[in-house]
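Asker: Here it is: the structure, laid out below.
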Amino acid sequence: MSVLGREDLAPESSGARRSRVCMRRRDVVVALASVLVSAGRARAQPAGMPVIGYLGSESPERYASRLAAFAEGLADTGFVEGRNVSILFAWADGRYPQLPALAAQLAQRDVSVIVAPGGAEVALAAKAATREIPTVFELGGDPVALGLVASLSRPGGNMTGVSSLSVEVSRKRLEFLSEIFPATKLFAVAANPTSPTVASQLKNLHAAADALGLQLRILNASSAEEFDGLFTATREMGAGGLVFTSDPFFAYRSRQLAELAARHGVAAVTQARDFPVAGGLMSYGGDFQQSHRHTGIYAGRILKGEKPADLPVQRVTKVELFINLKAAQALGVSVPPSLLSSADTVIE
């Protein structure tokens, strides 16, 4: 069982980025350093200091780059952890069914605002835990369809937050993979059957497949132990590649997925840039650094007295395409120049 409290943070490793080829190492390192400087063990909360309850679905190590972006946004509003605000963390360590209990524990503590980043499961757990404590969510789906807010412009209630386009652009991943394999008509789709957004994503993917004259085979996985089977099945059925639906459980395990893709020789595309950075072929999804930074800004604005009902849900419309040419070469595939020219980052 995860415990509430402050934990040491360890930065995730990332590949070097050269001009258009590599990640912005300087920006990432500076942001991570700001989090690491303030990191410490659980300690007493100074009297009178506002407290943020932070609900995380994974571990601080997997959230490290997201935490850095959150700290940057919080600092933009004048709040620095340990100086004028305290953060009480609740980590599920990948056991998502624990999220409702952890959210309830946070709601019982003397927190000024709850931050629920990392997907629909986290946001829904926070919503079920309290209707009074101001709550800021961060996810890739539609918060109105999920019942989190009344509308994007006028959230109402105690919740507001940030939404990216990661869920909405799942169909584009299929289109991009089809461009790389134009003669292939069969593709596999990895879906987490426990995800609150999986039904809408599969509907959009099937619509895209019909428009492109493609066939899809849906492969379910809701645990890391099932990942190897995804790639084995994709290879054995002779599919052109494997398209991952948007899901935080997949995104936070990008390195494992990249290693499996290389081992099985399967072309795959996910939502998270961490996948091609770790050696996978391609990713297409929302800019998580931007969305988590906005989450920090909203948390700070609420601490200053603004109410969630008056803060419109922020839509992060930036979507980024990462392509790893080294992975393409290892797979023996050629990426069309048109696709390369539209990429935000090409890893060589």
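Asker: State whether one or more residues within the stretch 235-247 are in a helix (DSSP H, G or I), crowded, with 24+ Cβ neighbours inside 10 Å and assigned by TED's automatic domain parsing to the domain that holds LEU339.
Answerer: no
Asker: Look through ALA208, ALA150, ALA145, ALA183 and report the one residue that is assigned to a loop (DSSP other than H, G, I, E, B), over 30 Å from ASP110 (Cβ atoms), free of Cβ contacts under 8 Å to residues at least 40 places away in the same chain and of a type in the set (A, V, I, L, M, F, W, C).
Answerer: Checking each option against the conditions leaves just ALA183.
Asker: Can you tell me which residue is surrounded by the most Cβ atoms within 10 Å (Cβ to Cβ) among those in the stretch 263-289 that are part of a helix (DSSP H, G or I) and modelled with pLDDT under 95?
Answerer: Out of the qualifying residues, it is PHE288.
Asker: Those residues that are surrounded by fewer than 23 Cβ atoms within 10 Å (Cβ to Cβ) and among the hydroxyl-bearing types (Ser, Thr, Tyr), I need them from the stretch 51-89; list them, please.
Answerer: Result: SER59, SER65, THR77, SER86.
The values are calculated or read from the model by the stated rules, or taken from the named source; none is laboratory data. This one's a predicted model, so the numbers in the text were calculated from it and none came from an experiment. Heads up, the Cβs are rebuilt from the backbone with ideal geometry, glycines too, and the neighbour counts pull from every protein chain shown.
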